[in-house]
Structures are given as structure tokens and as C-alpha cells.
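Engineer: Once you've had a glance at the structure underneath, I'll fire off some questions.
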Amino acid sequence: MSFLIYDLIFLAAFTLLVVGFLYAKRSRLQRQGLLYLYRTQWGVKRIDEFAKKHASWLKPAQYLVILSGFILMAAMIYFLLQFSWVYLTSPIAAAAIKVPVLLPLIPYLPELFNISFLPSFPFTYWILIIAIIAIPHEFAHGIFARLNSLRVHSTGFGFLGPFLAAFVEPDEKAMNKLPKMPQMAILAAGTFANVLTTILFAIIMFLFFSAFFTPAGVLFSTYAVSAIQPAQSQVAGPAFNFTSQQFHNQEIELIPITFEQEIYYTSPQLFQAAQEQGIEQIEAFSDTPAFNAKLAGAITHIDDHEITSLEELQHTLRDHVQPGQTVLVRTAYIKDAQTTEAEITTTSLTLADRQGVAFLGIGSIPQNRDSLMGKVYNLGTLIKNPQVYYTSELGNFGWFIYNFLWWTVLICISVALVNMLPVGIFDGGRFFYLTIAALTGSDKIGRKAFAWSTWIILLLVAALMVKWIFLFL
């Protein structure tokens, strides 16, 4: 029985458990807007004890907490504006993002929207990550509230249909009477806890991956390309449909071209347009062994030589094989990020000659990682090299744990960022209001700035949703 079956059974059992709990405790549920709240005293004593015991370092830590709030808010505004500009102005980028812009975190999201580059997100991950995010976040609010002598009335759970939330309920009226800096520390404490949780799980992910995963091949993203001059090129044959697992079995129409007595392959539409418009250079696939053999996935062996890195591949082609030599190339192909078991293929091909060195003809498309999230991605490559194929010493269980840790890190930092947006429903909304009020000395200006920021961001999100609707519905 596959894990998906167990996960669906767990989902059904959990849903029945929640329904039963809500029915049994219906007299203690309180409705607040769309949420049903269940208040308890669980953890209130621990919050109080922790705040009193560690007050000596928590007091000065408030300045760090507030600073983190400003950094997260600035980073999220920058990312939102950058993403919105690209999404609204680029039809290619918008079409590539299949998920609605405004969508709650739901199990099976990659499978539901056919997002091949994201690993599976089963219900088991979802419920565990909700707890990992919510408990430190809410307890941090409570700890800093008690640090500033606010009473914590209750803790509890919120239910919005099948979606769960947790909360800590300090004395809001008393909080509003505090000076602005303690209020800001209480508001930013939750996201600061999420940042610490992100760092903790990133370290765990690094240690786990280092201990149980081994480099086993070199990944490539495309075949070798060269620049050709359309004006100096000739069509060398009829167009044909090229299909390769490397391009997810999508048919690509190509036409053979001769340029400087060499064969290349390019799109007939691109070649015709380049000739008509006088474009000096275009890129075309070179006539290489990898292209002709339709190699796909990760190269793990060339004959008996094991390939575990790009340097090892270069060393093997340079020192262990010769141009014109027929070799057996073993590849491991994984169709998407939700698949953990590779399809192993052995292909016989004859190596080409490139300046006296054996040439295979694979390439890698450089990724633009200058954006904020790109920089976050770059940090992830310190753990897992995107050009290396890895195998798990624990089999599928190793990938299950690694993907869980990956999702935990991603969602933790995402929640920290989004929650500091200057919008009314988030902690960042009141944090922004207090900031403007403190800078201007006017609560009225603070409230106006808060209202304006909320409406501007909501209108921006609405524009993004309209764009998505026109693209996919």
C-alpha cells in the first residue's frame, strides 16, 4: 500500500476527530467572525514561568525582536512589489505560476496544481508543520506579553472549516495602554520565533542531508548550444519533432541547419524570423552525442567510471576516454520533484571531438538568482547542489524526512515574512501603525498610514488574482 493511501486515511481520521471534538465541545466554542474559537488554559502557566525566569535577557532581546520585525516587513514589501511587477508585466512568468496568488496552505498542493518542481506535500506534513509554526509563534507572543506585565487570558485553537489555527490571548485593552516599543516587541515576537524555528530546522536539514545523502551523478538541464549566424546558414533538411525525457517528453519542432560546415538544430519559426528581420545571431542545438542519443536525467557512469560531480565528469572525459570512442553512459532520470525512485538507463554512444578532448554535449542553463527569493534559494544550494544527483542511504524514508524538513523551512520563513506585511489582518499591520505613530507623534497619521497600506496591498493582491483568473479560467 502506498504512503498516499495511509495519508488519506490519516486525513479522514483526523477530520472525523476534529468534527467529533467540535460536536462534543460545542457549548465551549465561541464564534469570532468566520472563526470558531476554543479557549483553554493550556500553557498559560508555562508562559508565565518562562517570562519570569528569563526576564534578564528577554528584556534587552526586545530590541532585536523589533529590529527583526522591520527587516521582515521591508523584505516582504520588496518581494511583493518585485513579484507583482514580474507577474503583471510578463505573460511567460504569469503562465508558469499555476497556483492562485491568494491561496491558503493546503495539503497535496503540488499534485493538485501539477507543479512538477515542488516535492509532495501530504497531509502528514501539513498538520506537523502547522504545529511547528503556530506553537512557537503564539507562545512567543504570550511570553513577551507577560514580560511586559500583561495578563494572558487564554490559549486555544481556531477552526475555519478544515483549517486550524492556534492563538494566545493577552489582555488587549491593557496592551493598548503600553508604550509603543513594548507593543511592537509583543507583535513582532511571533515572527521572530518563526525565524528562529527556520534557522533551527535549516541546521537539522543540513545535518540530516550531510549524514544520509550521497552524490551519485551530474544533472544537466539542456543540450549543448552554439551561436550561429542565420544569414550565413542553410536549411539542411525537413523539420521534425524532437521528443526527449530531458524536456519532459514535450514535442519540439526543429529543423537541421548548416553553418560553417557543421550541423545545428533550431526552431524553424525562429530561424525564418531571424533571416527576415536580419538578426545577426541565434542559439541552436549543436549536433552532439547527448542530443542525438536523447540523454536525460543525471549522468552516473561512463563505462565503469563513476560520476559524482562535474569535476569528475570533466576528468573522465579528459583523461579516461578518447574522442571517437564508443562508451556506455548510464543515466538516472526522475520525472519530477514528487518522484524519488529513478529510472536507470544505459545508452551506447560515440563521443565527439572538442579541441582534442572527448565531448558529450550537455549544458546547464544559468538561473537568475538576483531577486530576494533567489538569494534564499542560493542559501539552499549550500545544502543540496542543484547540479548534483543524490541518492538516499535510507531509501524513500530519507527523501520523506528531507522533503518534510525542506517544506518546514520554506513555510516557516514564508509565514514570518507574510505576517509582517502592513495589512490589518497581520501582526505587521498594527506594527506599521505603531511605527508611523511613533515617528510622527500622531496616532491619527498612524491610523491613516495603516489604512492606506492595507488598501494598497489588498488592491495589488486583487490585481494579481484578476490576472490569474484571466490566464487559467
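Let's see how each residue does on (1) crowded, with 18+ Cβ neighbours inside 10 Å; (2) in a helix (DSSP H, G or I):
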position	(1), (2)
GLN314	no, yes
LEU317	yes, yes
GLY324	no, no
VAL327	yes, no
ARG330	yes, no
LYS335	no, no
THR339	no, no
THR346	no, no
ILE365	no, no
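Engineer: Next up: Starting from residues that are modelled with pLDDT of 90 or more and among the polar types (S, T, N, Q), keep the ones in the range 337-366 and report whichever is nearest to the chain's Cα centre (by Cα).
Structural biologist: THR345
Engineer: State whether one or more residues within the range 453-460 are over 30 Å from SER90 (Cα atoms), surrounded by fewer than 18 Cβ atoms within 10 Å (Cβ to Cβ) and not β-branched (Val, Ile, Thr).
Structural biologist: Taking every residue of the range 453-460 in turn, none turns out to be over 30 Å from SER90 (Cα atoms), surrounded by fewer than 18 Cβ atoms within 10 Å (Cβ to Cβ) and not β-branched (Val, Ile, Thr).
Engineer: Does LYS45 fit the bill of being without any contact (Cβ under 8 Å) to a residue 24 or more places away in the chain and in the same structural domain as ARG151 (by TED's automatic domain parsing)?
Structural biologist: yes
Engineer: Within the range 22-37, can you find the residues that are of a type in the set (A, V, I, L, M, F, W, C), outside any helix (DSSP H, G or I) and loosely packed, with under 11 Cβ neighbours inside 10 Å?
Structural biologist: LEU34
Engineer: Would you point out which residue out of ALA140, ALA145, ALA165, ALA134 is touching a Gly at 6+ places or on another chain (Cβ under 6 Å), outside any loop (DSSP other than H, G, I, E, B), among the hydrophobic types (A, V, I, L, M, F, W, C) and surrounded by 18 or more Cβ atoms within 10 Å (Cβ to Cβ)?
Structural biologist: Answer to the selection: ALA140.
Engineer: Scan THR339, THR346 and give me the residue that is among the polar types (S, T, N, Q) and more than 30 Å from GLU111 (Cβ to Cβ).
Structural biologist: THR346
Residues checked against (1) under 30 Å from SER120 (Cα atoms); (2) in contact (Cβ under 8 Å) with a residue 40 or more places away in the chain:
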site	(1), (2)
LEU254	no, no
PHE285	no, yes
PRO323	no, no
GLN338	yes, yes
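Engineer: Kindly list the number of the only condition in (1) within 22 Å of the chain's Cα centre (by Cα); (2) farther than 15 Å from ASN194 by Cβ; (3) in contact (Cβ under 8 Å) with a residue 40 or more places away in the chain; (4) outside any loop (DSSP other than H, G, I, E, B) that fails for MET76.
Structural biologist: All conditions pass for MET76, except number (2).
Engineer: For the range 145-191, what are the residues that are farther than 26 Å from ILE127 by Cβ and of a type in the set (D, E, K, R)?
Structural biologist: ARG146, ARG151, ASP171, GLU172, LYS173, LYS177, LYS180
Engineer: Tell me, please, whether a residue that is modelled with pLDDT of 90 or more, farther than 30 Å from LEU118 by Cα and among the polar types (S, T, N, Q) can be found in the range 286-305.
Structural biologist: yes
Engineer: Among the residues of the range 283-300, how many are part of a loop (DSSP other than H, G, I, E, B) and of a type outside the set (Gly, Ala, Ser)?
Structural biologist: 4
Engineer: Scan the strands (runs of 3 or more DSSP E) fully inside the range 169-274 and keep the ones with 2 or more residues being out of contact with any Pro (no Cβ under 7 Å at 6 or more places or on another chain) and buried (at least 18 other Cβ atoms within 10 Å of the Cβ).
Structural biologist: Result: 213-219, 225-228, 252-259, 262-266.
Engineer: In addition: Using the structure shown, decide if LEU187 is more than 20 Å from GLY424 (Cα to Cα), out of contact with any strand residue (DSSP E or B) (no Cβ under 6 Å at 6 or more places or on another chain) and among the hydrophobic types (A, V, I, L, M, F, W, C).
Structural biologist: No: the conditions fail for LEU187.
Engineer: Which residue out of HIS301, HIS305, HIS320 is in contact with a Lys or Arg (Cβ under 7 Å, 6 or more places away or on another chain) and either hydroxyl-bearing (Ser, Thr, Tyr) or not assigned by TED's automatic domain parsing to the domain that holds GLN245 (or both)?
Structural biologist: Criteria check complete, one pass: HIS301.
Engineer: While we're here: Filter the range 38-68 down to residues that are farther than 14 Å from ALA140 by Cα and not in a helix (DSSP H, G or I), then give me how many there are.
Structural biologist: 5
Engineer: TYR108 versus (1) at pLDDT 85 or above; (2) farther than 18 Å from PHE163 by Cα; (3) touching a Phe, Trp or Tyr at 6+ places or on another chain (Cβ under 9 Å); (4) of a type in the set (Phe, Trp, Tyr): which is the lone unmet condition?
Structural biologist: Evaluating TYR108 over (1) at pLDDT 85 or above; (2) farther than 18 Å from PHE163 by Cα; (3) touching a Phe, Trp or Tyr at 6+ places or on another chain (Cβ under 9 Å); (4) of a type in the set (Phe, Trp, Tyr) leaves (2) as the failure.
The values are calculated or read from the model by the stated rules, or taken from the named source; none is laboratory data. Predicted model only: the values in this text are computed from it and were never measured. Heads up, the Cβs are rebuilt from the backbone with ideal geometry, glycines too, and the neighbour counts pull from every protein chain shown.
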